[in-house]
Amino acid sequence: MHQTSIVQRKRKVLRRQRIARRVLPFLASLFLATPMAGPVTKSMAGGARSELRLPKVDFSPQAVFDQKLRATYTALGAEQEGLRFETFAKAMTGYLNLRQAGKLDENKQLLTVVDFDLPSTEKRLWVLDLAKNEILFHTLVAHGHNSGENEATNFSNTDQSNMSSLGFYATSGEYVGKHGRSLKLEGLDEGFNTNAEARSVVMHGADYVSEEFIKQNGRLGRSLGCPALPMELKDQIIETVTGGTCLFVNRSDAGYSSQYLNEQVAIAALVPVAAHGLS
């Protein structure tokens, strides 16, 4: 019995060795074929493998233009002051077009924006210093009597319409009229505001542009089409923006269009490489 037990143990050992010789090569090949954790490459469907790469950065003139607009908008703190980016971008596009066309004083980097998407009870005029990235003024402004009550919804370029006119203007010279110190405006958008001078559409102060008037009437008073200013600010604003600076009067979905909203011209002005035909 003792001899039989020894023989049986030896047979079991030999069987285990034979099994090990057969199985180990298979396990080794399986181990080598399996990807290790944390490689630089990743497995793809179907067994294909590709290297991980950083996302591409867009340096096209369009992308750089958009980035510069956003950077200027942020530096101005315009969002905090209630100026929507869409309105700002439109105003900047026209401003750059007008500078390229020689319609503005090259030594003054000022842009005044009036946004009639907002009601008269809100401050909807901004004077931007683009050289210093500062908002110089943010205040109330009136619209024309026949443009609407609290909101301006109707616009005209026609004399005696008593409506506001949309679009881009270049400020002209000062004069003293029935409203005191006033600033002439040259309308630059054909069919929208080019009769501004004939209609005597100017920038002036008015008593009905005040928080007190809003409290008493639920809205601002209205002009005959002029962008009327608060009396306490009209001298400062007129003195700042006089003589060849840009004014943009905005209203969305009002059928307004302009040759000065040419984005390619604006890109060429703001992104020098675009002027050489690169895209």
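The values are calculated or read from the model by the stated rules, or taken from the named source; none is laboratory data. Bear in mind the structure is a predicted one, so any value in this text is a computation, not a measurement. All Cβ positions, even for glycine, are placed from backbone atoms using ideal geometry, and neighbour counts span all protein chains on display. The accessibility values were calculated without ligands, DNA or RNA, using every heavy atom of the protein model including side chains. Shrake-Rupley method; radii C 1.70, N 1.55, O 1.52, S 1.80 Å.
For segment 134-143, indicate whether the set of residues that are farther than 27 Å from residue 80 by Cα, in contact (Cβ under 8 Å) with a residue 24 or more places away in the chain, open to solvent by 10 Å² or more (accessible area, probe 1.4 Å) and acidic (Asp, Glu) is non-empty. Let's see the steps before the verdict.
Just the residues of segment 134-143 that are farther than 27 Å from residue 80 by Cα, to begin with: none.
No; the residues of segment 134-143 include none that is farther than 27 Å from residue 80 by Cα, in contact (Cβ under 8 Å) with a residue 24 or more places away in the chain, open to solvent by 10 Å² or more (accessible area, probe 1.4 Å) and acidic (Asp, Glu).
Given the condition under 16 Å from residue 153 (Cβ atoms), touching a Leu at 6+ places or on another chain (Cβ under 8 Å) and open to solvent by 30 Å² or more (accessible area, probe 1.4 Å), answer yes or no: does some residue in segment 228-242 qualify? Spell out the reasoning first.
So in segment 228-242, the residues under 16 Å from residue 153 (Cβ atoms) come out as none.
No, the conditions are met nowhere in segment 228-242.
Has segment 99-106 got at least one residue that is touching a Cys at 6+ places or on another chain (Cβ under 7 Å) and among the hydrophobic types (A, V, I, L, M, F, W, C)?
Kept after step one, since they are touching a Cys at 6+ places or on another chain (Cβ under 7 Å), are these residues of segment 99-106: 104.
Among the residues that remain, those that are also among the hydrophobic types (A, V, I, L, M, F, W, C) are: 104.
So far as segment 99-106 goes, yes, one or more of its residues are touching a Cys at 6+ places or on another chain (Cβ under 7 Å) and among the hydrophobic types (A, V, I, L, M, F, W, C).
May I ask you to verify whether residue 209 is in contact with a Leu (Cβ under 9 Å, 6 or more places away or on another chain), farther than 20 Å from residue 93 by Cβ and either buried (at least 17 other Cβ atoms within 10 Å of the Cβ) or charged (D, E, K, R) (or both)?
Values: in contact with a Leu (Cβ under 9 Å, 6 or more places away or on another chain): yes; farther than 20 Å from residue 93 by Cβ: yes; either buried (at least 17 other Cβ atoms within 10 Å of the Cβ) or charged (D, E, K, R) (or both): yes.
Spelling it out, residue 209 is indeed in contact with a Leu (Cβ under 9 Å, 6 or more places away or on another chain), farther than 20 Å from residue 93 by Cβ and either buried (at least 17 other Cβ atoms within 10 Å of the Cβ) or charged (D, E, K, R) (or both).
So, in segment 112-127, exactly how many residues are in contact with a helix residue (DSSP H, G or I) (Cβ under 9 Å, 6 or more places away or on another chain) and either over 21 Å from residue 70 (Cα atoms) or open to solvent by 10 Å² or more (accessible area, probe 1.4 Å) (or both)?
Final tally of qualifying residues: 4.
Within segment 150-161, which residues are in contact with a Ser or Thr (Cβ under 8 Å, 6 or more places away or on another chain), in contact (Cβ under 8 Å) with a residue 12 or more places away in the chain and surrounded by fewer than 19 Cβ atoms within 10 Å (Cβ to Cβ)?
150, 151, 153
Among 224, 166, which is the only one that is of a type outside the set (D, E, K, R) and open to solvent by 30 Å² or more (accessible area, probe 1.4 Å)?
Working: 166 fails: open to solvent by 30 Å² or more (accessible area, probe 1.4 Å).
So the residue among 224, 166 that is of a type outside the set (D, E, K, R) and open to solvent by 30 Å² or more (accessible area, probe 1.4 Å) is 224.
Between a first residue in segment 225-244 that is in contact (Cβ under 8 Å) with a residue 60 or more places away in the chain and a second residue that is assigned to a helix (DSSP H, G or I) and surrounded by fewer than 21 Cβ atoms within 10 Å (Cβ to Cβ), which pairs have beta carbons less than 9 Å apart while being 6 or more apart in sequence or on different chains?
Short answer, once both residue conditions are applied: 225/145; 225/146; 229/238; 230/211.
How many of the residues in segment 55-111 are open to solvent by 50 Å² or more (accessible area, probe 1.4 Å) and among the small types (Gly, Ala, Ser)?
Of the residues in that region, 4 qualify.
For the list (1) out of contact with any helix residue (DSSP H, G or I) (no Cβ under 7 Å at 6 or more places or on another chain); (2) in a strand (DSSP E or B); (3) without any contact (Cβ under 8 Å) to a residue 40 or more places away in the chain, I need the number of the one condition that residue 205 fails.
Failing condition for residue 205: (1).
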